[in-house]
Amino acid sequence: MTRFGELVQSRGSQIVVELECLNREIRSLKGVNRGELVIGASPIPSAHMLGPVVGRFISQYPNVNVELKIDGWRKLRERLHLGGLSFFIAETQITGLDQDPDLGIIPLPPFQVVFCARPQHPLLARMGLGSADLGRGGLSLSLSSLADYPLAVPRELPEHVAGLFGNLFSQELREQAGLLRFDQFGSIKSSLAACDLIALTPELGITEELKSGSLQILPVIDMPVIKANFSVVYCRRRGLDELAAAFVHSLEASLIHERH
C-alpha cells in the first residue's frame, strides 16, 4: 500500500467509526428506550461487575442493542478515542488513565490488591492456618516468606507499583522460584489449585473463590496498601449519551447494593 493509501485507510476508518457514533447518538436522542450501547471492559470488571447489570439493563430496555468488548486497557482507550465505544471500565489509577485530559472518569468503589493461593499451600499449612484463622492476631506472613514460591503477576504491572514490593519480583529471586506474567487473571486462576503458585490480583477477581473456600488471601503483614481503582472511562469531548448514563447509573446502584 502506498503512503497515500495508508492515509486514506487511516482517516477513512476513523470517519466511518465517527459516523457510527453519530448515528448511535441520533438514535439515542429519539428516546432512551431505543438505540445501541457499545461497552468496553478489561477482563476482571467484565467478569465480576457487568454480568448482572447487563442482564437487568436488557430487561429494562429490551429495544436497546448492547455490545460488550473485552480487551486490555490500552486497546480499549484506542477504541474509545476512535469512537468505537460508548465507554469502558478499567483500572484508572495504576494505569494512569486518570491523567489523560481527553478522558472523563467516573470512579467506582476501590478493591484491595492481595496475594492469594490455594488453602493447602505450604505457607498456610505450615502455620496451621484455616479459613477461620486468617486475620487473627499473630497469624501472618511477610513478603520475604513468599520469595521461595512461584509468583503470578499482571504483565502490565507498572514499575512504581512493583517497586513497592522491594526485590520480590527481581530477576535473581525469580530465576530460582519462578515468575508467571499474565494478561488475563481468569486464564491462570485454575493453575492456583494445582500447584504452589501465589497470585497478585484485586480482591474483586477472586470473590467467588473466597466464598467457596477454593482460594484464600495470604495474610502478609508488610503488604503494601494498593487499591485497584476501577472506573467508567468515557470521551470527555463526546460525553455520555442517555443510554450510557442510564447504564452507568445501574452499575453504580448495583455496586452500592453489593457493598451493603
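Select one label from (i) 75, 41, 40; (ii) 49, 47, 35; (iii) 63, 49, 30: the one whose number is Cα extents along the principal axes in Å as derived from the coordinates shown.
Entry (iii).
May I ask you to order 202-209, 233-240 by the average number of other C-beta atoms within 10 Å around their residues, highest value first?
202-209, 233-240
Under the rule of -39500 (n - 2.57) per DSSP H run of 4 or more residues, summed and divided by the residues of the chain, what mean residue ellipticity at 222 nm is obtained, to the nearest 500 deg cm²/dmol?
That calculation yields -11000 deg cm²/dmol at 222 nm.
Carbon and sulfur together cover what percent of the accessible area of the chain at a 1.4 Å probe radius?
Summing carbon and sulfur atoms, their accessible area is 52 percent of the total for the chain.
Quick check for you: with a 1.4 Å probe and neighbouring chains kept, what is the accessible area per residue of the chain, in Å²?
Accessible area per residue: 53 Å².
Between the range 202-226 and the range 134-193, how far is it from one alpha carbon centroid to the other, in angstrom?
13
Can you tell which of I221, I188, I89 shows the greatest fluctuation in a Gaussian network model of the chain with Cα springs below 10 Å?
I221
To check you understand DSSP bridge types, tell me what percent of the beta bridges within the chain (both residues inside) are antiparallel, rounded to 5.
In the chain, approximately 50 percent of DSSP beta bridges are antiparallel ones.
The values are calculated or read from the model by the stated rules, or taken from the named source; none is laboratory data. The structure displayed is predicted, hence computed values, not measured ones. No Cβ is skipped: glycine too gets one built from the backbone with ideal geometry, and neighbour counts run over all protein chains shown. When the accessible area is computed, the model is the full protein with side chains, heavy atoms only, and any ligands, DNA or RNA have been set aside. Shrake-Rupley method; radii C 1.70, N 1.55, O 1.52, S 1.80 Å.
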